[in-house]
Each structure stands twice: as structure tokens, then as C-alpha cells.
Amino acid sequence: MIHLSLPAALSALLAGIGVYGVLARRNAVLVLIGVELILNAANLLLVTAGSRPGAPLSAGPVLTLFVITIAAAEITVALAIILVMFRRTGHIDLTAVPELTDDEPDDAGDGYGTDADDTGDASDTDDASDTDDAEDPRADDRDDHPHDATREPAGAGEGVA
């Protein structure tokens, strides 16, 4: 019969490699592999504890089945998230700053999308609306509402050079 310290040492080695994989890697798939190594270390400890002589209930192998089920669900959801992240950004680097803006144009198609060159300065507004802004106390709030009727779409007043 095998001594219980050998599976415990192997479980500690697996858990250590898994923690290193989670903390030191930038690739999302390698982080998931680290998480799976940690869960397998826990499974090995549960089976080892349940197989010792005189264990009354054999709870270790039963709990191992629950951990395997949870790990399968976790890896399914995590891989789906990684796939969406790769389709959206083109990489799966976890240390990269996520882009939180929507890349798709807005539904109205009125030219008020989230363009990088649309700064919202005074050159984009109509000259006739500048006189109305002095009378209206809510004039500062108009720049916060892109669908305001007093603004023209970006580039609408510019001529072709």
C-alpha cells in the first residue's frame, strides 16, 4: 500500500504549479490550465483522504465527482468568454487594457457615433444656435446629449478640399 504522504506531496506540487500558472501568465488559456491544475490537486487530496484505511463514508471520491462537474462548467463558461474576447480584441492577453467602447455604429445612423475624431468642440455646432445658447440656462448640457436637434453631425458643415 502506498503511503499517504506521496499523493499529498504530488498534490502540493500540482497546486504550486497551478498557482504559478494563475499568477505569472498573461495568456488566458494558460491561466485556465493553472486553475484546472489547482482543482486536480484538490481532487487528488480528496481521493487520497477517502481511500485511507478505516474511512467510514468514502466522501472523498464523491466530492471529487462534484469538483469535476464544477470544473467542467467553469471551463465551458471561461472558454466562451475567452472566445468572445479574442473575437473582439484579437488577442487573449489578460494584462492588456480592455476597450470598453462599442465598435459598432449606433442604430440611428445620424452621424453621432463614438468616433475618435469627434471632440465635441464648438466648431461642430451651428453658428445660429450660438446666440440661443446665451439665453438658455441648459446650454452647457446640450453637448452631453448627442441627439440634440441643434447640433449638426460631425463633418456636416465642412466642405470638400
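Please treat every number below as a calculation from the coordinates, not as lab data. Small disclaimer: the values here were computed from a predicted structure and weren't measured. Positions of Cβ are generated from backbone atoms using ideal geometry, with glycine treated the same way; all protein chains shown enter the neighbour counts.
Distance in nm between label sites at residue 27 and residue 70, each 7 Å beyond Cα in the beta-carbon direction?
If labels sit at residue 27 and residue 70, their model points lie 2.8 nm apart.
Please identify every one of the trypsin sites (Lys or Arg not before Pro) in region 25-105 that sits in a loop by DSSP and has no more than 14 other beta carbons within 10 Å of its own beta carbon.
Working: sites: 25, 26, 87, 88; in loops: 25, 26.
The qualifying sites are 26.
Taking the simple approach of a point 7 Å from Cα along Cα-to-Cβ for both residue 17 and residue 79, what is their distance in nm?
The modelled label-to-label distance comes out at 2.0 nm.
In percent, how large is the relative contact order of region 1-86, given Cα pairs closer than 8 Å and 6 or more residues apart?
On the way: 77 pairs, mean separation 22.2, N = 86.
It rounds to 26 percent for region 1-86.
How would region 5-89 be classified by its alpha-carbon gyration tensor: rounded, prolate or oblate, with rounded meaning a/c under 1.5 and the a/b versus b/c comparison settling the rest? Each step should come with its number before you reach the end.
Working: a/c = 6.59, a/b = 1.89, b/c = 3.48.
Taking the square roots of the gyration eigenvalues as a ≥ b ≥ c, region 5-89 is oblate.
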